[in-house]
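The values are calculated or read from the model by the stated rules, or taken from the named source; none is laboratory data. If you're wondering where the values come from, they're calculated on a predicted model, not measured in any experiment. Heads up, the Cβs are rebuilt from the backbone with ideal geometry, glycines too, and the neighbour counts pull from every protein chain shown.
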Amino acid sequence: MGGWRKKRAKIAMENPKVKTVRSKPAGRPSKPAAKSAAKPALQKAKSVAKKPKLPSAKNVKAAGKTASPRGKRRPAIDPFMKAAIKAARKGLGEGGIPIGAALVRNGKLVATGHNKRVQDNDPVTHGETDCLRNAGRLGSYRGCTLYSTLMPCYFCAGAAVQFGIRKVVVGESRTFPGAPEFMRSHGIEVVDLDLPECYEMMEKFIRENPRLWNEDIGED
Ligand SMILES: [Zn+2]
């Protein structure tokens, strides 16, 4: 029994030694020293990288504030509405009223158009009518959706009703109410996306060109 105790004692003595021996190689001067030297360097790099973030925890809120409006201001816009907005901006670049339209049939863009009242000295070339003209003779408007950056006026709403267009998607109706109920009463589905891109563009134009705008909507 005494021999076993001695052996156990030896084992017990050896084990810590083994542990210390194992830990010693890990603590060998050359490689681990290099590692331990490298790690703090990395940690420093991380902490440096984190430092701007941590103090900016205050800024995180600010960043969040700037990020969320960006998200609100720039939602994914329907590509066909994008085409209509592009047409509106083209008109604006020509010195005209920034109202654009796009005609889509069965998911494919057929044509775009924009208001040319100023450019052509023409009171009946609205964004929607210019678009319908550019589309040419389609025969049937079945499966067609008319996009417009602004709620269609009675004139253009009448054209949509006349041609049997079943769906009208608009960018906004804040700056001009248009004739949504007239279209709906004729079975047209009217979708108002209420896009900042559209109403901000019109608000700016109306603010800068009140006379031109009043002429366009038939007000003295
Ligand atoms: Zn119109």
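Of the residues in the range 117-130, not one is aliphatic (A, V, I, L, M), more than 21 Å from A76 (Cβ to Cβ) and more than 15 Å from the ligand (Cβ to nearest atom).
Residue by residue, here is whether (1) at pLDDT below 95; (2) over 25 Å from A159 (Cα atoms); (3) surrounded by 15 or more Cβ atoms within 10 Å (Cβ to Cβ); (4) more than 21 Å from the chain's Cα centre (by Cα) holds:
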{"position": "A67", "(1), (2), (3), (4)": "yes, yes, no, no"}
{"position": "G71", "(1), (2), (3), (4)": "yes, yes, no, no"}
{"position": "P79", "(1), (2), (3), (4)": "no, no, no, no"}
{"position": "G113", "(1), (2), (3), (4)": "no, no, yes, yes"}
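With respect to (1) assigned to a strand (DSSP E or B); (2) more than 12 Å from the ligand (Cβ to nearest atom); (3) in contact with a Gly (Cβ under 7 Å, 6 or more places away or on another chain), the lone exception for L109 is condition (3). Among the residues of the range 131-176, which ones are exposed (fewer than 14 other Cβ atoms within 10 Å of the Cβ), away from the ligand (no atom under 14 Å from the Cβ) and among the hydroxyl-bearing types (S, T, Y)? S140 - this is the single residue of the range 131-176 that is exposed (fewer than 14 other Cβ atoms within 10 Å of the Cβ), away from the ligand (no atom under 14 Å from the Cβ) and among the hydroxyl-bearing types (S, T, Y).
The rows are residues; the columns are (1) more than 24 Å from I77 (Cβ to Cβ); (2) of a type in the set (K, R).
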residue	(1), (2)
R133	yes, yes
F163	yes, no
E172	no, no
K204	no, yes
